Each structure stands twice: as C-alpha cells, then as structure tokens.
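A.B. asks: Dropping a structure here in structure tokens format, bear with me for questions.
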Amino acid sequence: MQKIYPSAESALDGLLFDGMTIAAGGFGLCGIPERLIDALVASGIKDLTVASNNAGIDNEGLGKLLRTRQIKKMISSYVGENKEFERQFLAGEIEIEFNPQGTLAERMRAGGAGIPGFYTKTGVGTQVAEGKEHKEFDGETYILERGIRADVSIIKGWKADETGNLMFRKTTRNFNLPAATCGKVCIAEVEEIVAAGSLDPDCVHLPSIFVNRLIDGSPYDKRIEFRTVREREAA
C-alpha cells in the first residue's frame, strides 16, 4: 500500500467535510502538524471539532484555524496562551469541552483501543464532573469519560520509513501518539522518510498499521513559544 503523498493537500484529499472531528497531535508549538494545519486553512473547511491539548498560540498552530473561524468546538486541556481562543470563548463564539490533561490523553488512547468509555477519579466534585455518570468502586467515586474517535488524525513525527513506521523525537511523543490511534484515518507529517528496514524496530514508537498517509514536510523552522533570556552581565 502506497502511503507517501507529495503534499499535505494531496494527503487530505477526499477526507475533508464540514462538521468533521479532527484529532491533532502536539503540545503548544512542539510536535504540531504544521503543514497539515496550513492545508486545512487553505481548504476552507468549516465547523470543525478539534481534539487537541491546546490550540497553539495566536497565528501559529491551530491558532491559524481559530483566526479563520473554521473551528466550531475544541476538546482541550490547556487554552491559556492563545488570546484569540480566550476571546472567542468569552464571547460565546466557540464551544469548549475542557478536560484534565491526563483524561484527554486517555480519552484518545481509549478511542484508539476500541474502548468506548472508562471511569476516573480525576474531576470528581468539580465542574468537569457535571452531567457525567458517577459510580463507586471500592468506596471511591469515579466519573465516566468517553473515548474519543476522530474522522481524521493529523500528527507530526521526526522520522518514518516508507511503510509508515514512525519515530517521535523527545517531547513530541506527548499527544501525537494517542492522537494518531484514535482517528479513522491517520495522516503523519515527518522531517525525514527513510527506506523500509532502516529503523531499529526497538525504536519505533508508532507502528505502520496506525499510519494511513505520510508526507515529508521538511524543512521546518523551530518556533519558540516563550523566549526567555537573561540580561547580559556588565563587563
């Protein structure tokens, strides 16, 4: 099966429709599928539900889709660094389903594993638990969380072979791994594609069975969410 596509636009061809759900990997500006996000912006698709830890920052990452008002609902954990996200939420222009960070990761993992729901103590007694089923186990109260299934997953990896076996680099493994598994179709963009058999099997983080389409998105610029520097000491 040929998985390599020449561009992000071609990799998304035939998969997009208004109102669809997309699971997006990455954390802030780390490990985000930049080329695929740009292609989504260019496609003009609208009314998206996006499951992602956050929405990047203004005009970067998923923030680009917020600027163009293509996202209708975010299923997220952390939204504090995107002012446009904050503005749209406070103005009632976007729906947000807040999740504790671990719960969001597990919801994606569960969806990818075919688990429709699971019980967790996280969020019990808070607004997170409102409207959710409660159940006691061994004298402790838990709430039911649903697994996430997306129409398409978009992720960013470091290196892949031609069959789709994929490696992440350091913290880019964060949400990319669970996001990859919960989509009906997973599209991965990577910095390098190598020949089949080149990767050490012990170093493969995401097996090829989970990757349906693959693009080489290089070269990339390293973007920094917060640049922290200290003052130069006097000579």
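The values are calculated or read from the model by the stated rules, or taken from the named source; none is laboratory data. Quick caveat: nothing in here was measured; it's all calculated off a predicted structure. Cβ sites come from the backbone with ideal geometry, for glycine too, and all protein chains shown count toward neighbours. To get the accessible areas, we keep the full protein, side chains included, count just its heavy atoms, and leave off ligands, DNA and RNA. Shrake-Rupley method; radii C 1.70, N 1.55, O 1.52, S 1.80 Å.
A.B. asks: Using the heavy atoms of the protein chains and a 1.4 angstrom probe, tell me the accessible area per residue for region 37-103 in square angstrom.
C.D. replies: Values: 2800 Å² over 67 residues.
Value returned for region 37-103: 42 Å² of accessible area per residue.
A.B. asks: Rounded if a/c is under 1.5, else prolate if a/b beats b/c, else oblate: with a ≥ b ≥ c from the C-alpha gyration tensor eigenvalues square-rooted, which is region 1-126? Intermediate values should be presented prior to the final figure.
C.D. replies: Numbers: a/c = 1.86, a/b = 1.22, b/c = 1.53.
Oblate.
A.B. asks: Roughly what percent of Cα-Cα pairs across the chain reach past 34 Å? Could you put the intermediate results ahead of the total?
C.D. replies: Working: 4874 of 27495 pairs.
Considering the chain, 18 percent of its Cα-Cα pairs are separated by more than 34 Å.
A.B. asks: May I ask you to derive the relative contact order of the chain, considering only C-alpha pairs under 8 Å and at least 6 residues apart, and to give it as an integer percent? Each step should come with its number before you reach the end.
C.D. replies: Working: 526 pairs, mean separation 53.0, N = 235.
Contact order relative to length: 23 percent.
A.B. asks: Now for a separate question. Averaging over all projection directions, find the projected area of the Cα convex hull of region 46-186 and quote it in nm² with one decimal place. Please list the in-between numbers first.
C.D. replies: Working: hull surface 39.8 nm².
Value for region 46-186: 10.0 nm².
A.B. asks: How long is region 128-187 along each principal axis, judged by its Cα atoms, biggest number first, in Å?
C.D. replies: 50, 26, 18
A.B. asks: Would you mind checking which residues have amide H under 5 Å from Ala150's amide H? H placed 1.01 Å from N; only 5 or more apart, or other chain.
C.D. replies: Gly183, Lys184
A.B. asks: Quick one: in region 35-85, what % of C-alpha pairs are over 18 Å apart?
C.D. replies: 17 percent
A.B. asks: Using a 10 angstrom Cβ neighbour count of at most 15 plus a DSSP loop assignment to flag exposed GluC sites (Glu not before Pro), which longest range of the chain is free of such sites? Mind showing how you got there, number by number?
C.D. replies: Details: sites that count: Glu93, Glu130, Glu133, Glu225, Glu231, Glu233.
Result, exposed sites excluded: 1-92.
A.B. asks: If you build a Gaussian network model of the chain, linking Cα atoms that sit under 10 Å apart, which residue out of Gly131, Gly61, Gly26 swings the most?
C.D. replies: Comparing Gly131, Gly61, Gly26 in the GNM, the peak value goes to Gly131.
A.B. asks: Lys and Arg at +1, Asp and Glu at -1: add these up for the other residues within a Cβ distance under 14 Å of Leu199 and post the number. Let's see the in-between values first.
C.D. replies: Details: positive: Lys159, Arg169; negative: Asp161, Glu162, Glu191, Glu192, Asp200, Asp202.
Computed value for this residue: -4.
A.B. asks: Ignoring ligands, DNA and RNA, what percent of the 1.4 Å accessible area of region 42-99 is carbon and sulfur? Walk me through the numbers before you get to the answer.
C.D. replies: Details: 1220 of 2520 Å².
Within region 42-99, the accessible surface is 49 percent carbon and sulfur.
A.B. asks: Would you calculate, for the chain, the mean residue ellipticity at 222 nm contributed by helices, counting each DSSP H stretch of 4 or more residues as -39,500 (n - 2.57) and dividing by all residues, to the nearest 500?
C.D. replies: Working: 6 runs with 49 residues, N = 235.
When only DSSP H runs of four or more count, the value is -5500 deg cm²/dmol.
A.B. asks: So if we plug the beta-carbon distance of Gln2 and Ala113 into 1/(1 + (r/R0)^6) with R0 = 30 Å, what FRET efficiency do we get, rounded to 0.05?
C.D. replies: Working: r = 27 Å, r/R0 = 0.91.
Once rounded, the FRET efficiency stands at 0.65.
A.B. asks: If you take the beta carbon distance between Val185 and Thr141 as r and set R0 to 41 Å, what does 1/(1 + (r/R0)^6) give as a FRET efficiency, to the nearest 0.05? Present the calculation step by step, with values, prior to reporting the outcome.
C.D. replies: Numbers: r = 37 Å, r/R0 = 0.91.
So the FRET efficiency works out to roughly 0.65.
A.B. asks: Right, another one. Scan region 169-220 for chymotrypsin sites (Phe, Trp or Tyr not before Pro) in coil per DSSP, keeping those whose Cβ has at most 14 other Cβ atoms within 10 Å, and list them by number. Intermediate results must be reported in sequence, preceding the final value.
C.D. replies: On the way: sites: Phe175, Phe210, Tyr220; in loops: Tyr220.
Here the sparse-neighbourhood loop sites are Tyr220.
A.B. asks: What net charge do the residues around Leu104 carry, taking every other residue with its C-beta under 12 Å from that of Leu104, with Lys and Arg at +1 and Asp and Glu at -1? Before the final figure, lay out each step's value.
C.D. replies: Details: positive: Arg107, Arg109, Arg146; negative: Glu97, Glu106, Glu145.
Summing Lys and Arg as +1 and Asp and Glu as -1 gives 0.
A.B. asks: Hey, any idea what % of region 188-231's accessible area is carbon plus sulfur with a 1.4 Å probe? Spell out each step's value before the answer.
C.D. replies: Working: 1470 of 3110 Å².
Ligands and nucleic acids excluded, carbon and sulfur reach 47 percent.
A.B. asks: Just want to confirm a number: the relative contact order over region 1-133, from Cα pairs under 8 angstrom separated by 6+ residues, in percent. Present the calculation step by step, with values, prior to reporting the outcome.
C.D. replies: Numbers: 186 pairs, mean separation 22.6, N = 133.
RCO, region 1-133: 17 percent.
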